[in-house]
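Down below is the structure, laid out as structure tokens.
The values are calculated or read from the model by the stated rules, or taken from the named source; none is laboratory data. Just so it is clear, the structure is predicted and the values come from calculations on it, not from any experiment. So basically every Cβ, Gly included, is an ideal-geometry build from the backbone, and we count neighbours across all protein chains shown.
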């Protein structure tokens, strides 16, 4: 198979990849975009999105990603299905091999592969994804106002999610596998001083319960094998994310969790001509709007680099 030469190659879709495609297309760089394993990114598997500007009535994540994708296509982006399986970023042009066997040489590369939420691995969890099971409290918490919900996890993210949800929900259960929180002392203090958070120590989720209307409970099991059921309408997973950076790790600097490190306020990586945007380089905010913004930044950085 012959090697295809492109000015700008974007690996990954979602708000970051599609926005980068819009900007690089309008700048005349004719980007090629490979959408990855989940075209449209994490937002396509969430519930309605109500916190993205421009949708006053809210919008499904799938619809919003379709809209942004169409906008990129309108300006000439070449959007394809496929996953990067091999990279050589030792010199320009950079070489990227796709799962189809296609080999591309790119003058500039934008990595927008996102991150994947860690799940518990339960069939019932998959069954109720988007129907009460969520990995993003700030995205979906609004839909559970004045309801009882559970958060799984004991780190800073779980504590932040629990405190956030406590401001919306009637009651928040924190399901913690150990007998102590891993979170920082300030976050532990916030949880301790929030009256409608109850921590269930030394328990794990055994099964997510529900019906055609969605989640209505969670079956827990403690370290002695004893079961307990709690009635909740939402289950929020806060056990971490895995950045989809594996195929680039030989070349790009990452932090201890695998997030690609970018320089200062830019999207520049340690390899000149390679840029990273969206959740693959953002362990902090992880929002659709911040991913879109960093996609814009990456495209502008590419424009300056290629010019």
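If the condition is being farther than 30 Å from residue 144 by Cα and surrounded by fewer than 18 Cβ atoms within 10 Å (Cβ to Cβ), then segment 28-57 contributes 28, 30.
Criterion first (over 21 Å from the mean Cα position of the chain (by Cα) and part of a loop (DSSP other than H, G, I, E, B)) does residue 28 satisfy it? Full working, then the answer.
On the way: over 21 Å from the mean Cα position of the chain (by Cα): yes; part of a loop (DSSP other than H, G, I, E, B): yes.
Criteria met by residue 28.
Those residues that are closer than 17 Å to residue 140 by Cβ, part of a loop (DSSP other than H, G, I, E, B) and either modelled with pLDDT of 90 or more or within 12 Å of the chain's Cα centre (by Cα) (or both), I need them from segment 41-57; list them, please.
Within segment 41-57, 41, 46, 52, 55, 57 meet the criteria.
Taking segment 267-289 as the range and being under 18 Å from residue 90 (Cβ atoms) and crowded, with 22+ Cβ neighbours inside 10 Å as the test, the residues that pass are 269, 274, 275, 276.
Of the residues screened, residue 78 is one that is assigned by TED's automatic domain parsing to the domain that holds residue 35, more than 27 Å from residue 286 (Cβ to Cβ) and out of contact with any helix residue (DSSP H, G or I) (no Cβ under 7 Å at 6 or more places or on another chain). Only one entry of 25, 13 meets the criterion of being at pLDDT below 95, assigned by TED's automatic domain parsing to the domain that holds residue 72, in contact with a helix residue (DSSP H, G or I) (Cβ under 9 Å, 6 or more places away or on another chain) and over 16 Å from residue 87 (Cα atoms), and that entry is 13.
Of all residues in segment 233-266, those satisfying the criterion of being more than 17 Å from the chain's Cα centre (by Cα), crowded, with 21+ Cβ neighbours inside 10 Å and farther than 22 Å from residue 152 by Cα are 248, 252, 262.
From the list 267, 290, 233, the one residue that fits, being closer than 26 Å to residue 60 by Cβ and in the same structural domain as residue 44 (by TED's automatic domain parsing), is 290. Within segment 169-181, residues that are at negative phi have Cβ atoms under 9 Å from residues that are exposed (fewer than 12 other Cβ atoms within 10 Å of the Cβ) and in a loop (DSSP other than H, G, I, E, B) in these pairs: 169/145; 169/146; 170/145; 170/146, counting only partners at least 6 apart in sequence or on another chain. Of all strands (runs of 3 or more DSSP E) completely enclosed by segment 84-176, which ones contain at least 3 residues that are over 30 Å from residue 30 (Cβ atoms)? Strands (runs of 3 or more DSSP E) meeting the threshold: 148-152, 171-175.
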